[in-house]
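Nothing in this text is a laboratory measurement; each read-out follows from the coordinates by a stated rule. What you see is a predicted model; the values in this text were computed from it and never measured. Methodologically, a virtual Cβ is constructed for each residue, glycine included, from the backbone with ideal geometry; neighbour enumeration extends over all protein chains shown.
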Amino acid sequence: MGFARKVVQALIACAIALAGIVALDTPASAYDSRSCGTTQRKSFDTPGDNVVLWITPCVERSGSSSRANLIFEWTHGDGLVNDYDYFEVISRLEKNDAYIESSVCFLTGAINQNYSGTYNCRTAYHSGTRIYTADGKANYDINNDGEGMQPAWEITGSPVY
């Protein structure tokens, strides 16, 4: 009976610890409402199979605060190689085309090491009037193309929210 009691106590302790981790993660990803713009698609001619990317700009609200979130998705064909020497997404929360908040998300490793995925590039929340848009850009350098950094892929903004 002593061994069983210790197992139960260990399971309870793990459940409490896990609940704490989940509780810590919730505020960073939670929002009350969201308004998104059009999903934008781009296909890149890369050393392996072409990489296709989609980015959707959104403004998310929680209470009286807003943030930008660029929802970034990608897929490779059948082969995984180091397609990029560099890939970053910059998410911006704007008001009247003036930057309020921004965040830089480095995705080189995630894209090179995963056939597909989704990533949320979020700014910090900003308190204030609710007349914001979300936009951003992607900066990239395709591996072994000899061209270095390419002109930024500018992401058309979300509707005003």
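Overview of values
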read-out: Ascending count of other beta-carbon atoms within 10 Å, so fewest first, for Ser127, Ser158, Ser66, Ser102; value: Ser127, Ser102, Ser158, Ser66
read-out: Stretchable slack from Ser62 to Tyr115, in nm (0.36 nm times residue separation minus alpha-carbon distance); value: 15.8 nm
read-out: Phi-based couplings in Hz for region 59-72 (Karplus 6.51, -1.76, 1.60; Gly and Pro marked x); value: 9, 10, 10, 9, x, 9, 10, 10, 8, 8, 9, 9, 7, 10
read-out: Mean Cβ count within 10 Å, highest first, over the residues of peptides 87-93, 118-124, 144-150; value: 87-93, 118-124, 144-150
read-out: For region 33-155, diffusion coefficient by Stokes-Einstein and Kirkwood Rh (Cα), 4 °C, 1.567 mPa s, µm²/s; value: 87 µm²/s
read-out: Among Val51, Tyr132, Ser103 the positive-end extreme of the charge dipole of region 33-155 (Cβ point charges); value: Tyr132
read-out: Sum of side-chain charges, Gly136 neighbourhood, beta-carbon under 9 Å (Lys, Arg +1; Asp, Glu -1); value: 0
